[in-house]
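The values are calculated or read from the model by the stated rules, or taken from the named source; none is laboratory data. Keep in mind that this is a model prediction, so the values were computed, not measured. Cβ: placed from backbone, ideal geometry, glycine included. Neighbour counts: every protein chain shown.
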């Protein structure tokens with residue numbers, strides 16, 4: 001009994017943790033892995049697309065069903081003037097008919113629906129891949145926003161130290177009132193920049209929250225940028241994309257479904273047979289009799305020529321679509337690799353000059369404190385440093401974004 005209570009308590013504790021974890025995961029910084037987990041579970045486009053699988057599964061269930069039998073009951077001979085009497089020439093007939101499909105129609109219909117269902121699942125995966133492009137773009141935009149907020153705060157702190165030095169120099173008579181006023185006014189640009197950057201970060205967080213299906217905007221995201229470079233071969237990526245891209249795989253399944261549909265259209269030219277059994281009873285003795293029969297439509301005029309032509313056209317159309325997607329894959333991969341290499345080259349250029357710009361700003365601030373440069377030179381250098389660092393952050397985040405996009409364009413998803 002004691003063990004049973006402990007087991008129940010443990011289960012309740014586990015249930016509490018599982019139900020509260022999603023809320024805790026979005027209270028503070030949210031990592032890329034946490035964001036992806038919530039994105040898969042709550043993104044509206046993914047949830048909407050998932051219903052296409054359910055709808056297609058309904059078509060698959062319908063395709064497997066056999067035609068329903070038909071029951072007919074007739075009574076003939078009831079007089080509207082005298083009612084029912086034993087001498088009436090009345091008749092009672094009950095008939096049961098069953099349509100029997102020939103030519104493998106049900107099998108072909110089921111196979112086509114099954115391939116269409118598999119194609120719907122792959123199309124759903126491709127919807128996820130496509131929406132993930134927006135997800136990663138938004139996530140690394142937030143990384144850039146956060147880096148810029150951190151930069152703006154650091155620049156403001158740096159400038160406040162300069163103002164403190166300037167105030168001492170002004171009090172000692174080594175700085176004119178005009179230069180000290182210019183120095184104080186220069187802080188406005190930094191304050192405005194910080195406010196605008198924080199506002200942009202807040203707006204982008206709200207947009208990213210909507211992407212995750214979160215009603216209450218997120219507070220912040222964890223920085224997930226690195227400067228590691230990976231070499232990618234275009235031919236290997238294209239070959240991988242041919243195997244993994246869901247849009248291509250979906251079309252290949254659609255082609256199989258179209259092949260079965262074309263065979264079904266040809267099979268529809270074969271007439272089906274309706275067989276039936278009938279029970280009859282005739283007044284006044286109500287002698288009973290049983291009969292059987294069948295009916296077959298004669299395919300003299302309509303042999304489903306139009307349906308066969310249409311399904312043949314659909315099959316050819318999908319073949320062309322496959323060729324188009326294969327060509328688009330080459331373009332996507334090539335452009336993704338070009339963008340990745342270019343973004344890394346741009347980032348490397350800024351990275352190589354970062355030590356120079358840091359040395360420049362440090363030397364400029366020292367020179368100002370010693371009276372070696374003017375206030376305008378100081379302010380210009382501060383602006384140049386801030387502008388350089390913003391471009392450095394942009395190059396770093398673009399490089400990381402393009403690395404993730406390469407994976408998506410080859411069909412790789414976490």
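Overview of results
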item: Single residue of region 148-160 satisfying the filter (surrounded by fewer than 21 Cβ atoms within 10 Å (Cβ to Cβ) and touching a residue at least 24 places away in the same chain (Cβ under 8 Å)) that is nearest to residue 211 (Cα to Cα); result: 149
item: Given (1) within 30 Å of residue 315 (Cα to Cα); (2) not in a helix (DSSP H, G or I), index of the condition residue 228 fails; result: (1)
item: Only one of 329, 322, 346 that is over 30 Å from residue 262 (Cα atoms), out of contact with any strand residue (DSSP E or B) (no Cβ under 9 Å at 6 or more places or on another chain), assigned by TED's automatic domain parsing to the domain that holds residue 228 and modelled with pLDDT of 95 or more; result: 346
item: Any chance residue 164 is surrounded by fewer than 17 Cβ atoms within 10 Å (Cβ to Cβ) and either within 28 Å of the chain's Cα centre (by Cα) or free of Cβ contacts under 8 Å to residues at least 60 places away in the same chain (or both); result: yes
item: Options 175, 163, 108, 132: the member that is under 30 Å from residue 38 (Cα atoms) and out of contact with any strand residue (DSSP E or B) (no Cβ under 7 Å at 6 or more places or on another chain); result: 132
item: Which listed residue, of 250, 295, 263, is modelled with pLDDT of 95 or more and more than 24 Å from the chain's Cα centre (by Cα); result: 263
item: Failed condition for residue 189, given (1) touching a helix residue (DSSP H, G or I) at 6+ places or on another chain (Cβ under 9 Å); (2) crowded, with 16+ Cβ neighbours inside 10 Å; (3) assigned to a helix (DSSP H, G or I); result: (2)
item: Every pair of residues 6+ apart whose Cβ atoms lie under 7 Å, when the first sits in region 227-249 and is crowded, with 19+ Cβ neighbours inside 10 Å while the second is assigned to a loop (DSSP other than H, G, I, E, B); result: 237/410; 241/410; 241/411; 245/411; 246/411
item: Helices (runs of 4 or more DSSP H) within region 1-97 that include 1 or more residues at pLDDT 80 or above, touching a helix residue (DSSP H, G or I) at 6+ places or on another chain (Cβ under 9 Å) and surrounded by 10 or more Cβ atoms within 10 Å (Cβ to Cβ); result: 32-42, 44-64
item: Any hit, region 262-278, residues being more than 30 Å from residue 300 (Cβ to Cβ), in contact with a strand residue (DSSP E or B) (Cβ under 8 Å, 6 or more places away or on another chain), outside the structural domain of residue 315 (by TED's automatic domain parsing) and in contact (Cβ under 8 Å) with a residue 24 or more places away in the chain; result: no
item: Residue in region 376-386 that is surrounded by fewer than 19 Cβ atoms within 10 Å (Cβ to Cβ), out of contact with any strand residue (DSSP E or B) (no Cβ under 7 Å at 6 or more places or on another chain), at pLDDT below 95 and within 25 Å of residue 224 (Cβ to Cβ) present; result: no
